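Below: the structure, in structure tokens.
The values are calculated or read from the model by the stated rules, or taken from the named source; none is laboratory data. Since the structure is predicted, the reported quantities are computational estimates derived from the model, not experimental observations. Virtual Cβ from ideal backbone geometry, glycine too; neighbours counted across all protein chains shown.
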């Protein structure tokens, strides 16, 4: 992925981040005024933290991560964009607090399902192509991954009347949930196998561990509405993101 494309994707992610931040801050203010902050905070705060951790890491890697080091450098801009986009899941709670509806709940659910599944495919791409960089194959994989994610999303039944939608968009179809979980597990296992093949060298261990933590943490934050699970997920995601930044700098990948 060229430098121009990386900046374009970062710009789009920045716009999404700013819009969702305004929405979340307004939701926080409204919930405090209504006396419902205790209920709202377990959903709003994880999304806000998850959103900004992703934005900060994406910005640092976009400016300082060499595009020709590791296939994940080509995947990360789109991956972080999809992770940020997944935080639209919080909009139903905002609608409930403010009674302001801009986008239909079904459209929000579609965006959420697509971003969740496509980000899973991109995590898998980071694992599969980490050793051998083939821009053509990587681009083909990303296009096929996006097409498959869109196709599955369109076919997946979405129950917007589910009680869970009062707080966040959730995956109500068990088959779709298992597809996402299995893809993320496959990505984590692929990183683990790569670490074994490289005999747990320092670079392979650090990079593999970073992605495994990010995969696990993001899945927990994106797919669960339970406060404890979200908290653990955020800790893992932040740890993985921090590790990824440190390993890139430690191995002279930063400009």
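I'd like to know if segment 2-12 contains one or more residues that are touching a residue at least 24 places away in the same chain (Cβ under 8 Å), farther than 23 Å from residue 115 by Cβ, in a helix (DSSP H, G or I) and out of contact with any helix residue (DSSP H, G or I) (no Cβ under 8 Å at 6 or more places or on another chain).
Taking every residue of segment 2-12 in turn, at least one turns out to be touching a residue at least 24 places away in the same chain (Cβ under 8 Å), farther than 23 Å from residue 115 by Cβ, in a helix (DSSP H, G or I) and out of contact with any helix residue (DSSP H, G or I) (no Cβ under 8 Å at 6 or more places or on another chain).
Specify which of the listed residues (16, 22) is modelled with pLDDT of 85 or more and within 22 Å of residue 220 (Cα to Cα). Give the steps one after another, and end with the answer.
On the way: 22 fails: within 22 Å of residue 220 (Cα to Cα).
Matching residue, one of 16, 22: 16.
Taking segment 162-219 as the search range and keeping residues that are within 20 Å of the chain's Cα centre (by Cα) and not in a helix (DSSP H, G or I), which one is surrounded by the fewest Cβ atoms within 10 Å (Cβ to Cβ)?
Filtering first and then ranking leaves 173.
In this structure, is residue 41 at pLDDT below 85 and closer than 26 Å to residue 142 by Cα? Don't jump to the end; show me each part of the working.
Working: at pLDDT below 85: yes; closer than 26 Å to residue 142 by Cα: no.
No, not satisfied.
Go through 92, 77 for me and flag whichever is touching a helix residue (DSSP H, G or I) at 6+ places or on another chain (Cβ under 9 Å), at pLDDT 85 or above and closer than 21 Å to residue 173 by Cα. Even if it seems obvious, please write down each step before you answer.
Values: 77 fails: closer than 21 Å to residue 173 by Cα.
Just a single option satisfies the conditions, and that option is 92.
Report whether or not residue 140 is closer than 22 Å to residue 239 by Cα and at pLDDT below 90. Talk me through it step by step, then tell me what you get.
Working: closer than 22 Å to residue 239 by Cα: no; at pLDDT below 90: yes.
Spelling it out, it is not the case that residue 140 is closer than 22 Å to residue 239 by Cα and at pLDDT below 90.
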